[in-house]
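First the structure, in the form of structure tokens, and then the observations on it.
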Amino acid sequence: MVAAAQHPNIELLTYSEVEEVGGYIGNFEVKIRKKAKYVDYDKCTGCGLCETKCPTKVPSEYDLGLGKRPCIYKPFAQAVPSKPVIDAVNCRKLKTGKCGVCAKLCPTGAVNFEDKDEVITQNFGAIVMATGFDLFEWEKAYGEYGYGKYPDVITGLHFERLSNAAGPTGGRILRPSDGKEPKTVVFIKCVGSRDEAKGKEYYSRACCMYTAKHAHQVIDKIPDSKAYVFYMDVRTPGKAYDEFYNKTLADGAVYLRGRVSRIYKEGDKLICKGEDSLIGKQVSVAADMVVLATAMTPSKESEKIASIVGFGIDKDGWYQEAHPKLRPVETHTGGVFLAGACQGPKDIPDTVSQASGAAVKVCALFSKAEMETDPMVSYVNEEKCSGCGMCVSCCPYKAIELIPKKERVHGKTVERFVANVNTGLCQGCGACTAACRPGAIDLQGFTNAQILEEVDALCL
């Protein structure tokens, strides 16, 4: 991130949202909303004085509520730029007009409570989608695991923040309920993954290895501790992954093949009732803390963003690539590429590889003076077009628009609207040809007359 921020040819628009995308490959016109930060970054030096003096503390999103942050804050330690933003929802000054301690103490006068959102429009040659993922909302689906009742039932992402040196506990693995070290930790895999009844049918890919890492961290960081892992299958698809899994087993992690059916509390212990299908017996483990390896799901705004940019998603909500094997980083919309977990669950090496592939595709695109397009695109017979606009509304790639056309009719100049196809955006799906009531749109090389001739040639 730091290297990207320092690169002379990279402009970072942080704390911003894409509102509208128009144009086509090589000439995208993007409307961006730059949200009000209430801090002038030209004046701010990032000294952090305002953060230390802010009197209002709220749960930290980055630490998933395990720690607190001030209302003027940097999202995380390595954030770029290393300058704060004011949380308008919780800031006392913006809510009630009182406080303003950060503005009074700022040595450069960078705090500006009058800041407003700014909408800008910029042109781009290509777009790379990297919207990431969210965690499966397991709380209702797996109520038997005691969400809301037991604070010591956490997700793998919570555990990641607990074990991180920059986390709310300084890297110490402590129970959220009482701040004590857990001596027995149970890890439950596939919570929401590979579960058609309650969750998602797909495999989340990264869960096996980060669970092995977490189990190893428990054994390594907490003396005389025990780590139990309930699993369905162990998948280690990566270089040296299987070796690390075997090392975790050798260091003392106990793997039990089966699902946990229920978690309940006895005293200060969490009782995990499950099974070990390898020995065919029910098992019960008294744990101090339970960690759930929850499934990856598409980010909440991903479908909305896909509709804005103009490409499809699959049945699970992931971004749809042009071809899973031959064009894994491209979409059906020319000039739009995919990187990371927006396309599907991925581990870090896979994400880096795909991001590198998308970057190379963009460079290859920009290296050409002219572009080759697929000849199978729609075209409009303007004499037949009635200007009804049905094709405009049904085009998934926003490739059709209505344009005015002037004609001479009975000695007078009249204006009517006809459909116009942008061949740079059209992907030849044929949706418009089916929707066109007067039959004014056809696919190049696949007109009705041509198809009928092919049928006649085969049948006669």
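The values are calculated or read from the model by the stated rules, or taken from the named source; none is laboratory data. Keep in mind that this is a model prediction, so the values were computed, not measured. As a convention, Cβ positions derive from the backbone with ideal geometry for all residues, glycine included, and neighbour counts pool all protein chains shown.
Look at segment 448-460 and say how many of its residues are in contact with a helix residue (DSSP H, G or I) (Cβ under 9 Å, 6 or more places away or on another chain) and surrounded by 12 or more Cβ atoms within 10 Å (Cβ to Cβ). If you could, list the steps in order and put the result at the bottom.
So the first thing to find is which residues in segment 448-460 are in contact with a helix residue (DSSP H, G or I) (Cβ under 9 Å, 6 or more places away or on another chain), and the list is 448.
From what's left, surrounded by 12 or more Cβ atoms within 10 Å (Cβ to Cβ): none.
Looking only at that region, the number is 0.
Applying the selection to segment 1-21, what residues are part of a strand (DSSP E or B), in contact (Cβ under 8 Å) with a residue 40 or more places away in the chain and within 16 Å of residue 118 (Cα to Cα)?
Step one: list which residues in segment 1-21 are part of a strand (DSSP E or B), which gives 16-21.
Cutting the leftovers down to in contact (Cβ under 8 Å) with a residue 40 or more places away in the chain gives us 18-21.
18, 19, 20 - these are the residues of segment 1-21 that are part of a strand (DSSP E or B), in contact (Cβ under 8 Å) with a residue 40 or more places away in the chain and within 16 Å of residue 118 (Cα to Cα).
State the number of residues belonging to segment 138-156 that are assigned to a loop (DSSP other than H, G, I, E, B) and surrounded by fewer than 15 Cβ atoms within 10 Å (Cβ to Cβ).
Within segment 138-156, residues that are assigned to a loop (DSSP other than H, G, I, E, B) and surrounded by fewer than 15 Cβ atoms within 10 Å (Cβ to Cβ) number 3.
Could you check segment 408-428 and list, in sequence order, the residues that are free of Cβ contacts under 8 Å to residues at least 60 places away in the same chain and surrounded by 12 or more Cβ atoms within 10 Å (Cβ to Cβ)? Before the answer, list the steps.
Restricting attention to segment 408-428, the residues satisfying the condition of being free of Cβ contacts under 8 Å to residues at least 60 places away in the same chain are 408-421, 423, 426, 428.
Within segment 408-428, 416, 417, 418, 419, 420, 421, 423, 426, 428 meet the criteria.
What are the residues in segment 23-58 that are surrounded by 14 or more Cβ atoms within 10 Å (Cβ to Cβ) and in a strand (DSSP E or B), if any?
23, 24, 28, 30, 31, 32, 33, 34, 39, 58
Just checking, which of 352, 380 is without any contact (Cβ under 8 Å) to a residue 40 or more places away in the chain, out of contact with any Ser or Thr (no Cβ under 9 Å at 6 or more places or on another chain) and either closer than 29 Å to residue 329 by Cβ or surrounded by 12 or more Cβ atoms within 10 Å (Cβ to Cβ) (or both)?
Only one candidate qualifies: 352.
Considering each of 257, 262 in turn, give the residue that is out of contact with any Phe, Trp or Tyr (no Cβ under 7 Å at 6 or more places or on another chain) and over 22 Å from residue 160 (Cβ atoms). Outline the logic, then answer.
On the way: 257 fails: out of contact with any Phe, Trp or Tyr (no Cβ under 7 Å at 6 or more places or on another chain).
Within the list 257, 262, the selection yields 262.
In segment 188-213, which residues are among the small types (Gly, Ala, Ser), in a loop (DSSP other than H, G, I, E, B) and crowded, with 18+ Cβ neighbours inside 10 Å?
Of the residues in segment 188-213, the ones among the small types (Gly, Ala, Ser) are 192-193, 197, 199, 204, 206, 212.
So of that shortlist, the ones also in a loop (DSSP other than H, G, I, E, B) come out as 192-193, 197, 199, 204, 206.
Residues satisfying the conditions are 192, 193, 199, 204, 206.
Taking segment 356-382 on its own, how many of its residues are of a type in the set (Asp, Glu), more than 20 Å from residue 312 (Cβ to Cβ) and at pLDDT below 90? Walk me through how you get there before you give the answer.
Start the filter on segment 356-382 by keeping residues that are of a type in the set (Asp, Glu), which leaves 370, 372, 374, 382.
Still in the list and also more than 20 Å from residue 312 (Cβ to Cβ): 370, 372, 382.
Adding the requirement that they be at pLDDT below 90 leaves 370, 372.
So the answer is 2.
Looking at segment 98-152, which of its residues are in contact with a helix residue (DSSP H, G or I) (Cβ under 6 Å, 6 or more places away or on another chain) and among the polar types (S, T, N, Q)?
131
Among strands (runs of 3 or more DSSP E) lying entirely in segment 361-460, which contain 2 or more residues that are hydroxyl-bearing (Ser, Thr, Tyr)? Reasoning before the result, please.
Values: elements: 378-380, 400-409, 412-421, 441-443.
Hits in segment 361-460: 378-380.
When the residues of segment 189-203 are filtered to those that are of a type outside the set (Asp, Glu) and out of contact with any Phe, Trp or Tyr (no Cβ under 8 Å at 6 or more places or on another chain), which remaining residue is nearest to residue 274 (Cα to Cα)?
For segment 189-203, the residue satisfying everything is 197.
Kindly state which strands (runs of 3 or more DSSP E) lie completely within segment 255-308 and contain at least 1 residues that are more than 23 Å from residue 135 (Cβ to Cβ). Show your work before the answer.
Values: elements: 260-266, 269-276, 281-287, 289-294, 296-298.
Here the list reads 260-266, 269-276, 281-287.
If I filter segment 20-35 for residues that are of a type outside the set (D, E, K, R), farther than 30 Å from residue 175 by Cβ, touching an Asp or Glu at 6+ places or on another chain (Cβ under 9 Å) and at pLDDT 95 or above, do I get at least one hit? Don't jump to the end; show me each part of the working.
Kept after step one, since they are of a type outside the set (D, E, K, R), are these residues of segment 20-35: 21-28, 30, 32.
With the extra rule that they be farther than 30 Å from residue 175 by Cβ, the set shrinks to 21-28, 30, 32.
Still in the running and touching an Asp or Glu at 6+ places or on another chain (Cβ under 9 Å): 21-23, 30, 32.
Next, from what is left, pick out any that are at pLDDT 95 or above: 30, 32.
Yes, because at least one residue in segment 20-35 is of a type outside the set (D, E, K, R), farther than 30 Å from residue 175 by Cβ, touching an Asp or Glu at 6+ places or on another chain (Cβ under 9 Å) and at pLDDT 95 or above.
Take segment 325-343 and flag every residue that is in contact with an Asp or Glu (Cβ under 8 Å, 6 or more places away or on another chain), of a type outside the set (D, E, K, R) and within 20 Å of residue 307 (Cβ to Cβ). Steps first, please.
Pass one, segment 325-343, residues in contact with an Asp or Glu (Cβ under 8 Å, 6 or more places away or on another chain): 327-331, 336-338, 343.
Checking which are of a type outside the set (D, E, K, R) leaves us with 328-329, 331, 336-338, 343.
Those that are in contact with an Asp or Glu (Cβ under 8 Å, 6 or more places away or on another chain), of a type outside the set (D, E, K, R) and within 20 Å of residue 307 (Cβ to Cβ): 331, 336, 337, 338, 343.
Can residue 72 be described as surrounded by 14 or more Cβ atoms within 10 Å (Cβ to Cβ), at pLDDT 95 or above and out of contact with any Ser or Thr (no Cβ under 6 Å at 6 or more places or on another chain)? Spell out the reasoning first.
On the way: surrounded by 14 or more Cβ atoms within 10 Å (Cβ to Cβ): yes; at pLDDT 95 or above: yes; out of contact with any Ser or Thr (no Cβ under 6 Å at 6 or more places or on another chain): yes.
Yes, satisfied.
If you go through segment 327-342 one residue at a time, how many are crowded, with 23+ Cβ neighbours inside 10 Å and farther than 25 Å from residue 29 by Cβ?
1
Within segment 214-252, how many residues turn out to be under 17 Å from residue 162 (Cα atoms) and either of a type in the set (Val, Ile, Thr) or crowded, with 16+ Cβ neighbours inside 10 Å (or both)? So that I can check it myself, show each step before the final result.
Our first condition is that a residue be under 17 Å from residue 162 (Cα atoms); within segment 214-252, this holds for 214-223, 225, 227.
Narrowing further to those that are either of a type in the set (Val, Ile, Thr) or crowded, with 16+ Cβ neighbours inside 10 Å (or both): 214-219, 222, 225, 227.
Number of matching residues: 9.
Go through segment 115-134 and count every residue that is of a type in the set (Val, Ile, Thr) and surrounded by 15 or more Cβ atoms within 10 Å (Cβ to Cβ).
Our first condition is that a residue be of a type in the set (Val, Ile, Thr); within segment 115-134, this holds for 119-121, 127-128, 131.
Right, trim to surrounded by 15 or more Cβ atoms within 10 Å (Cβ to Cβ) and you get 127-128, 131.
The qualifying residues number 3.
Testing residue 116 on (1) in a helix (DSSP H, G or I); (2) of a type in the set (Lys, Arg); (3) touching a residue at least 40 places away in the same chain (Cβ under 8 Å), one condition comes back false. Which one is that?
Going through the list (1) in a helix (DSSP H, G or I); (2) of a type in the set (Lys, Arg); (3) touching a residue at least 40 places away in the same chain (Cβ under 8 Å), residue 116 breaks only (1).
Among the residues of segment 90-140 satisfying the criterion of being within 19 Å of residue 15 (Cβ to Cβ) and of a type in the set (S, T, N, Q), which is farthest from the chain's Cα centre (by Cα)?
This residue is 112.
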